[in-house]
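Any read-out appearing in this document is the output of simple, stated calculations on the displayed coordinates, not a laboratory observation. From a predicted model like this one, the values you see are computed outputs, not experimental measurements. Cβ placement follows ideal geometry from the backbone for every residue including glycine, while neighbour counts extend to all protein chains displayed.
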Amino acid sequence: MPHTSRPRPHRRRRVLRPLPLAVAGALIATVAVTLPQLTPDASAATTLRGFADARGVRVGAAVGDTPLTSDSSYTTVLDREFNSVTAENAMKWDALEPSRGSYNWAAADRLVNHAASHDQGVRGHTLVWYSQLPSWLKNGNFSASQLNTILKNHIDTTVGRYKGRIYAWDVINETFDEDGSMRSSLWQDKLGTGYIANALRWAHAADPAAKLYINDYNIEADNAKSDALYALAKQLLAQGVPLHGIGFQSHFVVGQVPSSMKANLKRFSDLGLEVSVTELDIRIPLPASTAELAQQSTDYKTASENCLGVPRCAGVTVWGLTDKYSWVPGTFSGYGAALPYNESYAAKPAYTGLSNGLNPNA
Ligand code: G2I
């Protein structure tokens with residue numbers, strides 16, 4: 001290599017020379033005195049994550065790979081306000097294993113690495129779901145024993161890859177119908193209900209520290225669906241199956257947070273299970289009126305308090321953070337404005353509601 005590749009050797013040597021003890025001591029003293037003044041304590045205490053940290057819980061957001069990689073306003077809010085992230089799509093089966101045995105980790109890795117460098121935990125979503133399955137799996141016409149092996153391999157590989165880096169996994173997602181019967185799915189139809197215990201056991205073997213969840217929607221109220229889940233959870237626990245938590249998705253309509261929500265979460269918590277709100281959003285018929293935005297704020301506060309007021313509530317995750325990328329308008333025609341930030345990243349009244357729900361002194 002030419003001599004010029006090592007710049008300014010003389011100056012470097014001087015900097016690296018050991019400092020006299022007295023000088024080093026004085027420097028350390030200066031640093032010790034200066035550091036606390038550099039820490040932005042005051043603002044941290046008023047962010048969502050500041051309040052959540054103070055009470056030892058998570059406040060999370062579902063994160064899309066596109067905004068994560070292309071929108072710096074998005075990541076600024078994400079990293080300032082949230083101490084937990086969930087992959088909105090990147091850890092679903094179709095994203096991770098688009099062809100059999102061949103995995104695409106890029107987007108999932110990006111999120112897990114992002115979280116690690118911003119002091120955020122990761123909720124894994126999701127291992128066993130009836131939806132977002134790749135076509136090789138949906139259309140493969142596999143036998144029960146082949147399907148069992150495919151499921152075990154997917155769980156071993158995915159949970160194993162992120163061992164120690166994901167604090168909770170939605171192992172089972174949306175497994176009930178509204179009337180409380182088991183939903184017809186590839187898994188249920190071919191393997192029977194036993195796939196649930198197997199999936200939980202395999203996930204536990206792959207990462208014994210991760211909290212393993214069953215996650216669903218329309219189970220926030222005391223109703224036929226949550227009754228069926230309660231019975232299943234009780235049965236799994238009695239059989240020693242490693243089930244640790246229930247995820248209440250909480251996709252609500254403004255003004256309709258169920259009045260039985262807190263009592264319902266408490267009965268699961270009373271089984272010794274963690275409870276979490278995992279996908280909170282509160283949709284409004286568009287255009288949203290001032291009164292509806294105010295009601296939505298109340299609803300965010302109530303929904304988060306319904307969890308945090310119950311023993312063993314691990315935290316609250318919102319399904320997105322800004323209305324700019326929410327799934328709601330694409331699915332519920334005429335509805336939107338479901339999240340705490342508007343499309344220009346202004347905090348809505350809903351932000352204050354969520355913040356007050358998290359703040360133990362509000
Ligand atoms: O549907 C809302 C949520 C209900 N609970 C389970 C969650 O996993 C689910 O999330 C939504 C995502 O927010 C959407 O972004 O799940 C949908 C289906 O997986 C996601 O939508 C899909 C679109 O349907 C696909 O066309 C698209 O390719 O997102 C995919 C990736 O952008």
TODO: Select from segment 314-336 the residues that are surrounded by 23 or more Cβ atoms within 10 Å (Cβ to Cβ) and more than 16 Å from the ligand (Cβ to nearest atom) and write down the one among them that is nearest to the chain's Cα centre (by Cα).
DONE: Gly315
TODO: Hey, can you tell me all the residues within segment 317-347 that are farther than 15 Å from Leu78 by Cβ and touching a helix residue (DSSP H, G or I) at 6+ places or on another chain (Cβ under 6 Å)?
DONE: Tyr335, Gly336, Ala338
TODO: Working only within segment 180-212, note down all residues that are part of a helix (DSSP H, G or I) and within 15 Å of Trp169 (Cα to Cα).
DONE: Ile196, Ala197, Asn198, Ala199, Leu200, Arg201, Trp202, Ala203, His204, Ala205, Ala206
TODO: Please report, ordered by residue number, the strands (runs of 3 or more DSSP E) entirely within segment 218-328 with at least 2 residues that are among the small types (Gly, Ala, Ser).
DONE: 245-248, 313-318
- [ ] Collect the residues in segment 48-63 that are surrounded by fewer than 22 Cβ atoms within 10 Å (Cβ to Cβ) and either within 12 Å of the chain's Cα centre (by Cα) or not charged (D, E, K, R) (or both), keeping them in residue-number order.
- [x] Gly50, Ala54, Gly56, Val57
Open item on the list: Need the failing condition index for Asp189 against (1) buried (at least 17 other Cβ atoms within 10 Å of the Cβ); (2) more than 24 Å from Phe82 (Cβ to Cβ), just the number.
Closed with: (1)
Open item on the list: Please go through segment 329-361 and give me each residue that is assigned to a loop (DSSP other than H, G, I, E, B), free of Cβ contacts under 8 Å to residues at least 40 places away in the same chain and not acidic (Asp, Glu), ordered by number.
Closed with: Ser333, Asn342, Ser344, Ala346, Asn361
Task: Selection count, segment 167-192, where residues are away from the ligand (no atom under 16 Å from the Cβ) and not small (Gly, Ala, Ser) - done: 7
